[in-house]
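Notes follow the structure.
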Amino acid sequence: MKLSSLRLLDRTLSELQLTWAIRFLFGISIALIVALSYSYHTINRELVYYAGRVDHTQEVQITIQKIASSVFITDYHLKNYLLLGGEDSKNEARQQLKILPVFTDLLDSLVDDNLAQNKRAQTLRGELRAFSRTVDSLVTHALPIDQASQLLSLRVDTKQLNRINQTLHDMTSVEILLMENRIKSRDNYEQQVYRFNWVIMVVALLFLSSSFILLDRELRRNKMYRLELENKIQNLNRSNEELEQFAYVASHDLQEPLRKIRSFSDRIVSQHAPSLPQEVRYMLEKIDVSAKRMQLLIDNLLSFSRIVRTNYSPKLTNLNTILLEVKNNLSETIKEKEVKIKSQDLPTVAAYPMQMVQLFQNLISNSIKYSKDGQFPEIAINYRLAHGTDIPTVNPSHRELQFHLIEFIDNGIGFSPEYADKIFVIFQRLHGRDQYEGTGIGLAICRRVVSNHNGYLIAEGKEGKGAKFCLYLPLQPIFN
Amino acid sequence: MIDHSILMADDDADDRFLVQAAFEDNNIPYNVLFFEDGEQLLTHLKNKMNEVAPSFILLDLNMPKRDGRDVLKVLKADSRLRSIPIIIFSTSKAPDDVDSSYRLGANSYVVKPTSYEHLKDVILKISDFWLNTALTPS
């Protein structure tokens, strides 16, 4: 029952909820244990108190018994002396009288906390003193005493004895009553302590074991995720290897037949052109153009796949320098088309410099290529810091990171917003080849370069209103 | 008869045909001998050890039996064959292939052109350089 409900928990709770459930259970169990321990402690203290009281009562009773026996021993020796005479009995009686105050003092201190008993103890003290005096006077007078005074003395003695007896009896019965109550309380607390022990143990066990089960489940789930992840990494490595193999195949084996097609059709044209009909020459030209384009596509594919794997290590790269190099590379086009590039001061980042050149060059030449007719291309490059949450497609683990944001804004033909993602797909083009040449590799390479740096490249555009490319690079570089 | 000859080892019949055509179309009056793999080339060179050495050798890298790298190693290790200029003539543009070829002692590395016109031009330039421009051991 318990297990199945937990399993249900496990199925329906998300990882976060599970974590909170475990924390909650642990917290509750610790709080419960603390609370139970505290009340256990209180009860235990009561138990100890009542056990002490029981012992105390017993001590009082024992003292009362001692007084009683001492009184009766005195009385016994007194009567012996009066009836039979003899120095021994006289001395014994005197001896007992000396012990009596010790017991009465003890009793006084014992019943000090009980007002009623204390009063009785005082009464007893008075009675005992009177008794002592009587006994003392009887044994001090020289024997023999006449029978009448003897009887009188004995009567006084008996009266005193009865009174003492009564007081002692009163005190004893009160103490017995007290003891009964105290024993009852002690037993009650003893049982409670026993019960509490069990409750604490059961509750602690229950909560701890359920936390343990949840934790264990979590650990096992984690292990499963880890295995899954390892498996995925393995698959990824395998597919990377395959991609590299593919790159080799593309570079060598696919280009081989292509080269033959071009070479032979070329040779037909160069050697036999005069004797060929116009139509055949036209078709041979078409073969050549198609083959050339295929060559270009294969070359592009190769350069794209080469970016995936890089043997270089990242270096601190000043992006102003990169921009300068790119402007230099494109200087002829920039002069020819009268391109204006306005750039803010750019940061220095840890990056692959060659890839950064490729990225900047592709973005800038892209803006130049798609400029408006009859308008000089203008490119503004702005820089500021941005937060991970500013990026629309941000990876959850990058949410809290800081990013460099470099914006490339142009005044070109732009594009419709719905194509903002499509333009980054390899060989995807928004225009016919007659309008703009190219294979559609440039922006794909850009995005690849940016993801190599664990950054983001996001395009924003409006038809006819220019394009904006937002380049996000992490402030703290992450390279895997 | 012509004293000097040019050797070419390439497993691809089309390439051999195109290169031969390029030599003919350029009117280079040299005897070009073709081999289908490295083994054939080496056998030929060992048999003709006492005759006049070829002017240069065009060597493909990827061939069955003994490939270009292998042939290059054998030739550059042989004191008498070491002086023959060897031009690697391959489809591969891979930096690894280029580097390793030069390290093994290749005299130059040329990527096979993708069009016939370009091939014709390259063959003319190679021949002109190694036959007329550069001085080679006699």
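Tabulated results
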| read-out | value |
| --- | --- |
| Failed criterion for A:I423 (all others in (1) farther than 24 Å from A:E338 by Cα; (2) in a strand (DSSP E or B) hold) | (2) |
| In segment A:110-143, the residues that are among the aliphatic types (A, V, I, L, M), in contact (Cβ under 8 Å) with a residue 12 or more places away in the chain and open to solvent by 30 Å² or more (accessible area, probe 1.4 Å) | A:A116, A:L143 |
| Scope segment A:428-464; condition modelled with pLDDT of 85 or more and either out of contact with any helix residue (DSSP H, G or I) (no Cβ under 8 Å at 6 or more places or on another chain) or not assigned by TED's automatic domain parsing to the domain that holds A:I381 (or both); matching residues | A:S451, A:G455, A:I458 |
| Long-range neighbours under 7 Å by Cβ, at least six apart or interchain, first residue under 12 Å from A:D157 (Cα atoms) within segment A:69-94, second open to solvent by 70 Å² or more (accessible area, probe 1.4 Å) and outside any helix (DSSP H, G or I) | none |
| Failed item, numbered, when A:N222 is tested on (1) in the same structural domain as A:K66 (by TED's automatic domain parsing); (2) of a type in the set (S, T, N, Q); (3) farther than 23 Å from A:E59 by Cα | (1) |
| Checklist (1) under 60 Å from the mean Cα position of the chain (by Cα); (2) open to solvent by 40 Å² or more (accessible area, probe 1.4 Å) applied to A:S69, failing item | (1) |
| Some residue of segment A:35-43 being open to solvent by less than 40 Å² (accessible area, probe 1.4 Å), among the β-branched types (V, I, T) and either assigned by TED's automatic domain parsing to the domain that holds A:Q160 or touching a Cys at 6+ places or on another chain (Cβ under 8 Å) (or both) | yes |
| A:T74 surrounded by 13 or more Cβ atoms within 10 Å (Cβ to Cβ), over 30 Å from A:R186 (Cα atoms) and over 60 Å from the mean Cα position of the chain (by Cα) | yes |
| Which numbered condition A:S365 fails, given (1) surrounded by 15 or more Cβ atoms within 10 Å (Cβ to Cβ); (2) within 14 Å of chain B (Cβ to nearest Cβ) | (2) |
| Residue match in segment A:270-292 (condition: under 22 Å from A:I426 (Cβ atoms), under 58 Å from the mean Cα position of the chain (by Cα) and not assigned by TED's automatic domain parsing to the domain that holds A:E407) | no |
| Those residues of segment A:209-235 which are modelled with pLDDT of 90 or more and of a type outside the set (K, R), in sequence order | A:M224, A:Y225, A:L227, A:E228, A:L229, A:E230, A:N231, A:I233, A:Q234, A:N235 |
| Set A:L152, A:L168: member being loosely packed, with under 13 Cβ neighbours inside 10 Å and among the hydrophobic types (A, V, I, L, M, F, W, C) | A:L152 |
| Some residue of segment B:11-18 being more than 14 Å from every other protein chain (Cβ to nearest Cβ) and among the aromatic types (F, W, Y) | no |
| Test for A:S305: is it closer than 23 Å to A:Y456 by Cβ, crowded, with 17+ Cβ neighbours inside 10 Å and touching a strand residue (DSSP E or B) at 6+ places or on another chain (Cβ under 6 Å) | no |
| Entirely in segment A:235-345, the helices (runs of 4 or more DSSP H) that have 2 or more residues that are in contact (Cβ under 8 Å) with a residue 40 or more places away in the chain, farther than 30 Å from B:D25 by Cβ and within 14 Å of another protein chain (Cβ to nearest Cβ) | A:278-308 |
| Wholly enclosed helices (runs of 4 or more DSSP H) of segment B:19-131 bearing at least 2 residues within 14 Å of chain A (Cβ to nearest Cβ) and at pLDDT 90 or above | B:95-103, B:116-127 |
| Filter pass, A:I200 being closer than 30 Å to A:L302 by Cα and within 30 Å of the chain's Cα centre (by Cα) | no |
| Among the candidates A:V280, A:V249, A:V202, A:V269, residue that is surrounded by fewer than 11 Cβ atoms within 10 Å (Cβ to Cβ) and of a type in the set (V, I, T) | A:V202 |
| Flag for B:V71 being among the β-branched types (V, I, T), under 22 Å from B:V122 (Cα atoms) and within 12 Å of the chain's Cα centre (by Cα) | no |
| Residue match in segment B:62-85 (condition: open to solvent by less than 10 Å² (accessible area, probe 1.4 Å) and under 30 Å from A:E285 (Cβ atoms)) | no |
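Quick grid of which residues meet (1) surrounded by fewer than 17 Cβ atoms within 10 Å (Cβ to Cβ); (2) at pLDDT below 80:
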{"residue": "A:L3", "(1), (2)": "yes, yes"}
{"residue": "A:L8", "(1), (2)": "yes, yes"}
{"residue": "A:L47", "(1), (2)": "no, no"}
{"residue": "A:N80", "(1), (2)": "yes, no"}
{"residue": "A:G85", "(1), (2)": "yes, yes"}
{"residue": "A:K90", "(1), (2)": "no, no"}
{"residue": "A:D105", "(1), (2)": "yes, no"}
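The values are calculated or read from the model by the stated rules, or taken from the named source; none is laboratory data. If you're wondering where the values come from, they're calculated on a predicted model, not measured in any experiment. All Cβ positions, even for glycine, are placed from backbone atoms using ideal geometry, and neighbour counts span all protein chains on display. Areas reflect the complete protein model, heavy atoms only, side chains present, ligands, DNA and RNA absent. Shrake-Rupley method; radii C 1.70, N 1.55, O 1.52, S 1.80 Å.
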